[in-house]
Amino acid sequence: MSGTTTSSGIPISSLPQASSVTGSDTLVGVVTSDGTSQAEQVPVSVLATGISETIGLDDAVSAAQAAAASAAAQASLASDNVTNALSAARGKANGVAALDASGNLALTDGSALQSALTVVPATQTQTATLKPLLPLDESTQIRTDNGDVTLSEIGTALQDSDYQTVLGGAVVARPTVTGTIPQDFSVNGNVYIAPASYISNPSALPAGLSVDAKTGIVQTDGSIFFPNTLNNIGVLCAVSE
């Protein structure tokens, strides 16, 4: 009979099962194409391609890739817009604060950002302070409890006899009580030195003064003003001529 065989064979159920396949492996089966069925060897890669085309996998992958590319482009554009908006508003009125490469506050001069203010770090003896980086002119205003004053007004006030400069450059109110330096004090490099008699009898010193027993250097507590001296609340120094 055509199409039949009487030869014994191995039942399909007895064939070994493959645990994995690759694209170059071949399957054996009956393929029907254009109404004709015949036994053929079908490579796994060919079968995979046919399945992919049938279910539209390639189109789905292409669509997903296009969507991802579009989303990335939109995210990049949004990021650029934010960056441009921030750059346009940096250091400007109703904008955002700007910092320079050193972390200092920068303000615009109308055409470019200028480093304007920095923070001086705290030390063991002093708290952190603000320090202007731009020169201040005499019209610069300082906010006080009694209102705004200009630097020129502050300078005029500091020239008044009610203020004095102490060692280190600080300006303090001058004590209201004036004392006199004893004539037997000597000066060594602008530092007042008391004779040994004051070391043995410190009560003979004028009020507000003391003397170092080892060096004879005169010290002041800042409570009394001694003319022609730097009342530096420490070592008493003569004003340089």
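No value in this document is a laboratory result; all are computed from the given coordinates. Everything numeric here is computed off the predicted structure, so don't read it as measured data. Note that we place each Cβ from the backbone using ideal geometry, even for glycine, and neighbour counts take in every protein chain shown.
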Fill in the blank from the handout: Listed by chain and number, the residues whose amide H is under 5 Å from that of LEU236, excluding neighbours fewer than 5 places away on the same chain and using placed H, are TYR192, VAL218, GLN219, THR220
Practice task
Diagonalise the Cα gyration tensor of the chain and give the resulting equivalent ellipsoid semi-axes, square root of 5 times each eigenvalue, largest first, whole Å.
Solution key: 100, 29, 11
Practice task
Could you list the GluC sites (Glu not before Pro) in the stretch 37-143 that lie in coil according to DSSP, counting only those with at most 12 other Cβ atoms within 10 Å of their Cβ?
Solution key: GLU138
Handout entry: Residues whose placed amide H lies under 5 Å from that of ARG174, excluding near-sequence neighbours
Key = TYR163, GLN164
Problem - All-pairs Cα distance distribution in the stretch 75-158, expressed in whole percent, bin size 5 Å - result: 3, 12, 14, 15, 18, 16, 10, 6, 4, 2, 1, 0
Fill in the blank from the handout: Non-local residues with an amide H under 5 Å from the amide H of THR150, with H modelled 1.01 Å from N and Pro and chain starts lacking one, are ILE142
Completion exercise
Expected vector for the stretch 15-21, Karplus 3J(HN,Hα) from phi with 6.51, -1.76, 1.60 and θ = phi - 60°, integer Hz, x for Gly and Pro, equals 5, x, 9, 6, 8, 6, 9
